[in-house]
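Values in this text are rule-based calculations from the coordinates and carry no lab data. Keep in mind that what you see is a predicted model, and the values were worked out from it rather than measured. Cβ atoms come from the backbone with ideal geometry, glycine included; neighbour counts cover every protein chain shown.
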Ligand SMILES: [Zn+2]
Ligand SMILES: [Zn+2]
Ligand SMILES: [Zn+2]
């Protein structure tokens with residue numbers, strides 16, 4: 001199934017705000033709204049889409065504030081981004097980050113459990129002292145439907 005919900009999401013936006021505070025971040029009105037949008041997000045929203053959602057709640061917040069907040073929330077480790085194909089990056093709460101498969105033919109995305117990369121991560125760490133981030137880039141390929149055509 002494409003895009004099943006990740007299992008490790010925080011229980012509420014308030015939990016994420018606590019996480020933000022514990023990472024030394026300030027909880028401003030625009031950050032709160034942005035985090036609520038990310039928390040309610042179906043999947044894979046890029047900055048423009050997040051900005052449009054934030055503006056529906058808080059019309060005074062402009063795109064440059066959204067970009068700055070996304071940047072700062074990433075530096076604080078609360079938000080992460082993923083590259084699915086060649087399009088703009090999509091943003092998620094760090095606690096909900098997950099690996100993806102991405103069909104280069106039709107653009108369909110599929111989720112993978114994190115532990116599927118355990119062997120790769122262990123080997124990379126053991127042989128190269130390298131820490132693998134399996135959620136930053138999607139693994140490209142062809143979905144079942146596109147493989148048949
Ligand atoms: Zn996803
Ligand atoms: Zn990136
Ligand atoms: Zn496809």
| message | How long are the semi-axes of the equivalent ellipsoid of the range 11-93, taking √(5λ) for every eigenvalue λ of the Cα gyration tensor, in whole Å from largest down? | response | 18, 15, 12
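Name the shape class, rounded, prolate or oblate, that the alpha-carbon gyration tensor gives for the chain, where a ≥ b ≥ c are the square roots of its eigenvalues, rounded holds for a/c under 1.5, and otherwise prolate holds if a/b is larger than b/c and oblate otherwise.
oblate
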| Stretchable slack from residue 126 to residue 28, in nm (0.36 nm times residue separation minus alpha-carbon distance) | 31.1 nm
| Distances over 12 Å make up what percent of all Cα-Cα pairs in the range 98-149? | 66
| task | Sketch the reach of a paramagnetic label on residue 48 as a point 7 Å from Cα along Cα-to-Cβ, and name the residues of the range 93-118 whose backbone nitrogen lies under 17 Å away. | result | none
| query | With labels modelled as points extended 7 Å from the Cα through the Cβ direction, what inter-label distance (nm, one decimal) is found for residue 18 paired with residue 147? | reply | 4.3
| GNM flexibility winner over the chain from 96, 134, 60 (Cα, springs under 10 Å) | 60
| task | Any chance you could give the angle, 0 to 90 degrees and rounded to 10, that helix 47-57 forms with the longest Cα principal axis of the chain? | result | 40
| field | Cα-projected label distance for residue 40 with residue 71, points at 7 Å along beta-carbon direction, nm | value | 2.7
| query | What residue among 23, 86, 98 has the largest mean-square fluctuation in a Gaussian network model of the chain, using Cα springs under 10 Å? | reply | 86
| In deg cm²/dmol, rounded to 500, what helix-only [θ] at 222 nm does the chain give when every DSSP H run of at least 4 residues adds -39500 (n - 2.57) and the total is split over its residues? | -12500 deg cm²/dmol
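Evaluate the relative contact order of the range 11-93 (contact order divided by residue number), counting alpha-carbon pairs under 8 angstrom at least 6 apart; express in whole percent. Kindly include the intermediate steps, with their values, before the conclusion.
Numbers: 87 pairs, mean separation 26.7, N = 83.
Here the relative contact order equals 32 percent.
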| query | Highest GNM mean-square fluctuation, the chain, Cα pairs closer than 10 Å: which of 56, 126, 29? | reply | 126
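For Cα pairs less than 8 Å apart in space and 6+ apart in sequence, what is the mean separation divided by the residue count of the chain, i.e. the relative contact order in percent?
Relative contact order comes out at 23 percent.
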